[in-house]
Amino acid sequence: MKVPIRTCVACRQPQPKKQLLRVVKTPQGEIKLDSTGRANGRGAYICNRAQCVQDAVKKKLFNRNFKMNIDDSVYTRLLEEYNEQKQN
Ligand SMILES: [Zn+2]
């Protein structure tokens, strides 16, 4: 079986989808961390590494993926969600 490969928005390394975090733009236009990996909407992928997550937030890398101007507060929340998930 072929493993689905996705590219991290931060470091641009192609990796098996399972090892990446998915960020989703919901049909309502909300940007959030998709912990199930199956939420409805357009997805972007990022390594499960603090370095990549911090880069994505600092450089607002999801703006390009989702073709919209994402608010700073959304990026801050993504980072918080990531940190919370890491503790679990
Ligand atoms: Zn990465």
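For this structure, a couple of remarks:
- Only listed residue being out of contact with any helix residue (DSSP H, G or I) (no Cβ under 7 Å at 6 or more places or on another chain), away from the ligand (no atom under 15 Å from the Cβ) and open to solvent by less than 40 Å² (accessible area, probe 1.4 Å), chosen from VAL24, VAL3: VAL24
- Qualifying residue in segment 38-48 (condition: assigned to a loop (DSSP other than H, G, I, E, B), under 19 Å from ASP71 (Cα atoms) and more than 15 Å from the ligand (Cβ to nearest atom)): yes
- Test result for ALA10, in a loop (DSSP other than H, G, I, E, B), open to solvent by less than 70 Å² (accessible area, probe 1.4 Å), within 15 Å of the ligand (Cβ to nearest atom) and aliphatic (A, V, I, L, M): yes
One line per residue, one yes/no per condition, for (1) open to solvent by 50 Å² or more (accessible area, probe 1.4 Å); (2) basic (Lys, Arg); (3) in contact (Cβ under 8 Å) with a residue 24 or more places away in the chain:
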| site | (1), (2), (3) |
| --- | --- |
| LEU20 | no, no, yes |
| ARG38 | yes, yes, no |
| ASP55 | no, no, yes |
| PHE66 | no, no, yes |
| GLU80 | yes, no, no |
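- Only residues that are farther than 11 Å from VAL57 by Cα and either assigned to a helix (DSSP H, G or I) or of a type outside the set (S, T, N, Q) (or both) were counted in segment 69-79, giving 0.
The values are calculated or read from the model by the stated rules, or taken from the named source; none is laboratory data. Just so you know, these numbers come straight off a predicted model, no measurement behind them. Neighbour counts are summed over all protein chains in view; Cβ atoms, including those assigned to glycine, are modelled from backbone coordinates with ideal geometry. Accessible surface is based on the protein model in full, side chains and every heavy atom, while ligands, DNA and RNA are left aside. Shrake-Rupley method; radii C 1.70, N 1.55, O 1.52, S 1.80 Å.
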